[in-house]
Amino acid sequence: IMLLGIPLLQADEIDYLNEFSMKMAFEHRVLISDGIDANELEQWEFSEALLIDRTDCIDITYHGFDDGLPNDTLIPSDRSRVEDIRVEEMDMITISDVGHVRSMTAIFDISVRKREEALLGLLLTSFVIVLLGLGMVSFTKDVRNLVIVPIEHMIQLVREISENPLGKDFSLKVDDKKHKDDDMETTLLIRTISKIAGLMRVGFGEAGADIIGKNLNITGTDTMNLLGNGRKIHSIFGFCDVRQFTDTTECLQEEVMLFVNRIAHILHSIVVQCDGAANKNIGDAFLLTWKVNTDQLGGSCKDHNYSGDKALYSFVKTMIEMSRHEDFLCKFSPRALSELYERMPGYKCRIGCGLHFGWAIEGAIGSSKKIDASYISPHVNMSETLESATKEYGTSILMSEPFYKLLSPEAIAGCRKVDTIKKRESDPVTGLYTYEVDLSVGFTLANKEGKKTKRLPHHRKTTFSLVSKNIADDPSVKKGSHGLGDLPSIKIYNNFPEVWDADNDVVRARSNFSGFQRQIWGKGMDAFEEGKWDVAKNHFDDVLEQSGGKDGPSRYLLGRMEQHKFSAPDSWQGYLS
């Protein structure tokens, strides 16, 4: 546009007519002065008149001529006078002969041309200003969209991550269609920042939220502050352990990673929906937390948002879903399956869980080379101890009394006390409780038509697929994700405390331990703590008989009493130390 517009708005600076007419008149005057041709006078007068008529000449003067002709030419009176116009509006041209003896000087009025040049100059300046303005607006828009706005988004994203490291709903959506495939470096940087935030969120977890926030604070220093004092918190600690993991690892070999991660998918999906957080993944064990504000304790369960119910429900529901998705958990190669079922015929994936409530110090553990964001406290160890004790008591879940006190009456209705212990001399006496989870009732998948699918047998040792066609068609299964196979999409009924009676799976899981059995067990526990072990034996025998010999706590306590011939020791104080 500039190449086309600028030449059109420039004045024509070629004034050849003025100089050409002067040369004609001067040459004829020279011929007259030399006496070469008598007819030159008429031609000189014609050329001079032509100069005056055809141009804006306002003065003509001859110098060095002695031919008797006038050296000053009369100019029409309607022309401007020399003294009336400015120097800038005059154009003086002088021509002479070879020896510079004779010369002719003419002054031309160029005021019209100067006004035209001024007008064209104004138009040209305005054109350039408008063109540059439009170019600047366009350039500024591109700079803003491609540079400034993305940088502002990066800063905003980092600020939001530092303020809420565990958040996911940031103001900037990296996967918006507007920026998703533009291949701009700034978009790649934003996407990278978002991925780094996701990796930190997954890697550090809830315990590392403060670490991420402090070190991403854009107003802070350039150095990282990873280590330092921790922060005291109160939380529910849940510890899970996969049963028979050593044997399973030896059979599965490299496929054990798929096995553990599939369990983690089910467990973590449910825990997060119940407002919990995953902390440690230690091979066959998982540490989960539910932080509790101590200011909200002492009132109803609603005051602390049913945190105890949510923790217990998470583990109960995880066991049920693991039983339901047994085929998903045990989808391995024929070699691995053959070794697994040959070593452990009828193998089923099961976990044990311990739940405890107490304080802990939250912070970074390690060095500048490697850190883990976790919790240090005897209460964390207590949850692990409880999980370990589930094998002795023959239960899937063991809960401490501090945790038990956080439960709602609806949750307590499915619990029972199984022992009273004192771990150390300095520790208070605490009760141990369990929640009835009988997975033998069976939990099956439903296909699109709502029909139950037939579970595949788990004793084969030949080549086969553990995922049936019905499972492949199940809409609740997420296809081909994370390299783990078809991940089941697990949604829970998150309405507490009604969930304990509204979730049919949970109701079925505890249905085999009736209210009548619970009453008998309660009488037996009272007698056991009072030292009336002969009475307790009769009650525990009744419970064990009614359960078909499957009740683990009855077998455990009967075994302990049998060591003392069903007579409480003289030092018995109602608890195990």
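The values are calculated or read from the model by the stated rules, or taken from the named source; none is laboratory data. Predicted model, so just to flag it, every value in this text is computed and none were measured. Every residue, glycine as well, gets a Cβ built from its backbone with ideal geometry; the counts of neighbours run over all protein chains shown. Calculation scope for accessible area: heavy atoms of the full protein, side chains included, ligands and nucleic acids excluded. Shrake-Rupley method; radii C 1.70, N 1.55, O 1.52, S 1.80 Å.
Ranking D309, D241 from most to least accessible surface, computed with a 1.4 Å probe over the protein chains only, gives D241, D309. Computed 3J(HN,Hα) for the stretch 521-538, one whole-Hz value per residue from the Karplus formula 6.51 cos²θ - 1.76 cosθ + 1.60 where θ = phi - 60°, is 4, x, 5, x, 5, 4, 5, 4, 5, 7, x, 8, 6, 5, 5, 4, 4, 4, glycine and proline marked x.
A simple spin-label model places pseudo-atoms 7 Å from Cα toward Cβ; at V535 and L74 they are separated by 15.6 nm. For the stretch 385-441, GluC sites (Glu not before Pro) meeting the loop criterion (DSSP other than H, G, I, E, B) and having at most 14 other Cβ atoms within 10 Å: E425. The Cβ shell under 10 Å around Y435 holds other residues with a net charge of +1, Lys and Arg each +1, Asp and Glu each -1. Heavy-atom accessible surface of the stretch 306-347, averaged per residue, reaches 24 Å², computed with a 1.4 Å probe. With a Förster radius of 22 Å, plug the Cβ-Cβ distance of K423 and I361 into 1/(1 + (r/R0)^6) and report the FRET value to the nearest 0.05. About 0.65, to the nearest 0.05. Rolling a 1.4 Å probe over the heavy atoms of the protein chains gives the stretch 79-159 an accessible area of 67 Å² per residue.
Within the stretch 41-82, whose backbone N sits under 13 Å from a point 7 Å along Cα→Cβ of S103? Correct set: 61-65. What the phi angles of the stretch 420-430 give under the Karplus curve with 6.51, -1.76 and 1.60, with θ = phi - 60°, is a coupling list of 10, 9, 9, 5, 10, 4, 7, 8, x, 6, 9 Hz, glycine and proline written as x. Put the Cα centre of the stretch 244-264 next to the Cα centre of the stretch 270-332 and the gap is 22 Å. The accessible area of D66, taken with all protein chains in place and a 1.4 Å probe, comes to roughly 130 Å². Annotation note: GluC sites (Glu not before Pro) in the stretch 483-537 located in DSSP loop regions with a Cβ neighbour count of at most 12 within 10 Å are E498. Could you let me know the centre-to-centre spacing of the stretch 372-430 and the stretch 47-111, using Cα atoms, in angstrom? Spelled out, the Cα-based centre of one part sits 120 Å from the other. Couplings for the stretch 561-577, taken from phi via the Karplus curve 6.51 cos²θ - 1.76 cosθ + 1.60 with θ = phi - 60°, read 5, 5, 4, 10, 6, 6, 10, 5, x, 5, 8, 5, 10, x, 8, 8, 10 Hz in order; Gly and Pro are left as x. Descending by average beta-carbon neighbour count within 10 Å, the peptides 349-356, 75-82 line up as 349-356, 75-82, the highest first.
Around the amide H of C57, modelled in the peptide plane, lie the amide H atoms of D109, all under 5 Å away and 5 or more residues distant in sequence or on another chain.
Within the accessible area of the stretch 486-537, the carbon and sulfur atoms contribute 46%, probe 1.4 Å, all protein chains present.
Sorting 83-92, 486-495 by their mean Cβ neighbour count within 10 Å, with the most densely packed peptide first, gives 486-495, 83-92.
In a simple Cβ point-charge model (Lys, Arg +1; Asp, Glu -1; nothing else charged), the stretch 252-398 has a dipole of about 160 debye relative to its Cα centre. Packing order of peptides 402-409, 341-348, 426-433, highest average first: 402-409, 426-433, 341-348 (average count of other Cβ atoms within 10 Å over each peptide's residues). For the stretch 246-373, what % of the accessible area comes from carbon and sulfur atoms, probe 1.4 Å? The computed percentage sits at 51.
Go ahead and collect, in residue order, the members of the stretch 281-313 whose backbone nitrogen is under 20 Å from a label point 7 Å along the Cα-Cβ direction of M344. Under 20 Å, as judged by backbone N against the label point of M344, lie 281-287 of the stretch 281-313. Quick one: of K291/K331; K391/K491; K317/K391; K232/K491, which pairs are farther than 26 Å apart, Cα to Cα? Table pairs above 26 Å Cα-Cα are K291/K331; K391/K491; K232/K491. The alpha carbons of the stretch 310-372 stretch over 44, 35, 18 Å along the principal axes, in descending order.
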